[in-house]
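To start, the structure under review is shown below, and the notes come after it.
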Amino acid sequence: MFKSKLMNLSAMLIFGTIALFVRNINLTSPEIAVFRGVIGSIFLFGVILFSKEKTSFQAMKKNLPILTVSGLFVGGNWIFLFEAYKYTTVSIATLSYYCAPIFVTILAPAVLKEKITLKKFLCVCLAMVGMLCIVGANKNSSIGEYNHFLGITYGLAAAIFYAGVILLNKFIKGLGGVETTVSQLVLASLLLFPYVAFTTGFDFSKMTEISWVYLIFLGVIHTGFAYVLYFSSLKNLKSNTIAVLSYIDPITAVLISSLFLGEKMTIFQVIGGILILGSTFISETLDKKD
């Protein structure tokens, strides 16, 4: 149990530092997303090949339509999140992105035919109030280095795509976490590659040696290694423990934003962040009790 907690905690800490690496890669967000998917896929393929667990290619084939759409959503999720990091602070982008569980709650009645309870509805309202606090504090902050409103919009778009991935994964049958993830990464890369190639193209002229190091690190550590840690820990942890540990990710990102990047939050942003994280935590706790 302790080992699984440590693995899950490590994965969350790694996820929380993604912005530091993305900001130092001199590529567009779609380009970063493509190479993150390619490098992460190669790493996870290696894990599958050297592991003793059998891979069900038949199950992958049966789930191919859902995996394809969810893979597209994974790619969209990464692109919009990376764009959010460019236009606003890491803390604001992360808090906007962490509205994903709330979007799942809103969409679940239509997609999964689940009823939304009064308590969950109140959680959604609290999260919306929190987002209004963050947006309101930045409504005129589009000068200088950041365009906060655009960054928040990208963060929320990333959250919607991630909510789509969560909901689609409910329909995947017969595949383990690593198998599902590597399938989604491969398909995301295959779908994004021609999009980037025929729109903006690939431009490596601004890539420095350190940028390449950050990109490889993003693919190997933040994608491949962190995903292995995360999914390997799930089978030995209770759902409530997983929910609590998941908050290490946004808290780490907010602390890094303040301590290492010098990005400060106003009191209204802090209140908004507390409302968003608190409401999502309560909502997830209610799911575990239902």
Average Cα contact separation per residue, the chain, under 8 Å, 6 or more apart, as relative contact order %: 42
Two-decimal log10 I(q)/I(0) for the range 8-50, as the Debye equation yields it once each C-alpha is a single scatterer, q = 0.23, 0.29 Å⁻¹: -0.93, -1.00
Top of G176, G16, G130 by mean-square fluctuation, Gaussian network on the chain, Cα under 10 Å: G176
Per-residue ³J(HN,Hα) for the range 22-32, Karplus 6.51 cos²θ - 1.76 cosθ + 1.60, θ = phi - 60°, Hz, x for Gly and Pro: 4, 5, 10, 9, 7, 9, 6, 4, x, 5, 4
Rounded accessible area of D203 (nearest 10 Å², 1.4 Å probe): 80
Heavy-atom SASA rank of E284, E31 (probe 1.4 Å, accessible area, largest first): E284, E31
Cα centroid separation - the range 182-257 against the range 68-85, whole Å: 11
Accessible carbon and sulfur surface of the chain relative to its total accessible area, %, 1.4 Å: 70
Backbone HN-Hα couplings from phi across the range 268-285 [Karplus 6.51/-1.76/1.60, Hz, Gly and Pro as x]: 5, 5, 4, 4, x, x, 4, 5, 5, 5, x, 5, 5, 5, 5, 4, 5, 5
Net charge, H222 excluded, C-beta distance under 12 Å - Lys, Arg +1, Asp, Glu -1: 0
Choice from A110, A11, A226 with maximal GNM fluctuation in the chain (Cα, 10 Å cutoff): A110
Loop sites in the range 92-201: GluC sites (Glu not before Pro), DSSP, at most 11 other Cβ within 10 Å: E145
The chain: most fluctuating residue of L95, L185, L229 per GNM, C-alpha cutoff 10 Å: L229
Solvent-accessible area of M12 with every protein chain in place, 1.4 Å probe, in Å² to the nearest 10: 10
Residue-averaged [θ]222 nm for the chain, counting only DSSP H segments that reach four residues, each worth -39500 (n - 2.57): -24000 deg cm²/dmol
Among S258, L118, F231 the positive-end extreme of the charge dipole of the chain (Cβ point charges): L118
Simple Cβ-charge dipole of the chain, Lys/Arg +1 and Asp/Glu -1, about Cα centre, in debye nearest 20: 920
Out-of-range pairs (alpha-carbon distance over 22 Å; input K119/K235; K54/K238; K173/K235; K5/K235; K61/K113): K119/K235; K54/K238; K61/K113
Residues of the chain: accessible area per residue with a 1.4 Å probe, Å²: 51
Environment charge of L67, counting only residues whose C-beta is closer than 14 Å and scoring Lys/Arg +1, Asp/Glu -1: +3
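Using just the Cα positions, wrap the range 106-249 in a convex hull and report its mean projected area in square nanometres, one decimal place.
Its average projected convex-hull area is 12.6 nm².
Quick one: net charge around I172, please, counting Lys, Arg +1 and Asp, Glu -1 for every other residue with C-beta under 11 Å from its C-beta.
With Lys, Arg at +1 and Asp, Glu at -1, the net is +2.
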Karplus 3J(HN,Hα) series, Hz, for the range 242-247 with 6.51 cos²θ - 1.76 cosθ + 1.60 (x for Gly, Pro): 4, 4, 5, 5, 5, 7
Simple Cβ-charge dipole of the range 118-273, Lys/Arg +1 and Asp/Glu -1, about Cα centre, in debye nearest 20: 660
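The values are calculated or read from the model by the stated rules, or taken from the named source; none is laboratory data. These figures come from a predicted structure and were not determined experimentally. Here the Cβ is made from the backbone with ideal geometry for all residues, glycine too, and neighbour counts use every protein chain on show. Surface areas here come from the heavy atoms of the whole protein model, side chains and all, with no ligands, DNA or RNA. Shrake-Rupley method; radii C 1.70, N 1.55, O 1.52, S 1.80 Å.
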